[in-house]
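The structure appears right after this line, and notes come after that.
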Amino acid sequence: MPAACQPPTCKVVVLISGSGSNLQALIDSIAAGENPATIAAVISNRSDAYGLQRAQAAGISTLVLDHKAFSDRVAFDQALAAAIDGFEPQLVVLAGFMRILSGDFVRHYQGRLLNIHPSLLPKYKGMHTHQRAIDDGEQEHGCSVHFVTEELDGGPLVVQAVLPIVAGDTAESLAQRVHVQEHRIYPQAVSWFAQGRVSLHAQGASLDGQLLPASGKVLHALDG
Ligand code: GRF
């Protein structure tokens, strides 16, 4: 993979499996001139992912790589890495990519692979995060952008958005409000990376040369 971004250019490949609303937020932030990144390609493991249509509507190259066509995870991940590297990106963005990635893949992109997860990590790794937070009587919930490491939904945090859980919240109502925050913090994190402001070190993630706390930068839903 090429060296880190040389601002103002940062080529990004986005991996999706579904709706691609986070992809759309990234496309919109770039179109609005708020983000110096360039999306070189969108790759999906599912041909029916709606995000592919969003990419095509924005004039972005798309590629489908169906994991079911490969004998095992390692073979798929090797083909995926070859496809990604063909676009020579400085950053790979997981935006609802519903595949567990092998250690070799993750190590290949170390420091250049971001993910967004719908919880305040390290709480609620895995699935059904909104319902689990409600069931536990949590007062706060949110979403996290993190560098990807071999630990599933682990890896140093870059930014979190926190919002209150209110009386009567359901998994659906909470998911909707969390999504609004996802669409705010993911373009923000990608923009920081593209500007060379955020990076991964042995001790964790840093922003503007300062090591971030374990929570990453914390934004509250009402922050401007
Ligand atoms: C988001 O909730 C994200 O946190 C999770 O997958 C979902 C993707 O949604 N990783 P979308 O495809 O971006 O709409």
* Structure fact -> Per GNM of the chain with C-alpha springs under 10 angstrom, the most fluctuating residue out of 182, 88, 151 is 151
* Asked: How would you classify the chain from its alpha-carbon gyration tensor, with a ≥ b ≥ c the square roots of the eigenvalues: rounded for a/c under 1.5, else prolate if a/b is greater than b/c, otherwise oblate?
  -> rounded
* To do: Please work through the chain and write down the cysteines that have no neighbouring cysteine Cβ at a distance under 4.7 Å.
  => 143
* Asked: Considering only protein heavy atoms, what per residue accessible area in square angstrom results for the chain with a 1.4 angstrom probe?
  -> 47
* Report, to the nearest whole %, how much of the accessible area of region 10-220 belongs to carbon and sulfur atoms, 1.4 Å probe, protein only. => 51
* At a Cα cut-off below 16 Å, give the aspartates and glutamates reachable from residue 123, other chains included and same-chain residues fewer than 8 away excluded. => 135, 136, 138, 140, 151, 153
* Structure fact -> Spelling it out for residue 140: with amide H atoms placed in the peptide plane at 1.01 Å from N, the residues 5 or more places away or on another chain with amide H under 5 Å from its amide H are 165
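The values are calculated or read from the model by the stated rules, or taken from the named source; none is laboratory data. Note that the coordinates shown come from a computational prediction; the quantities given were computed from them, not determined experimentally. Don't worry about glycine lacking a Cβ; one is built from the backbone with ideal geometry, like all the others, and counts go over all protein chains shown. Note: areas computed on protein heavy atoms with side chains; ligands, DNA, RNA excluded. Shrake-Rupley method; radii C 1.70, N 1.55, O 1.52, S 1.80 Å.
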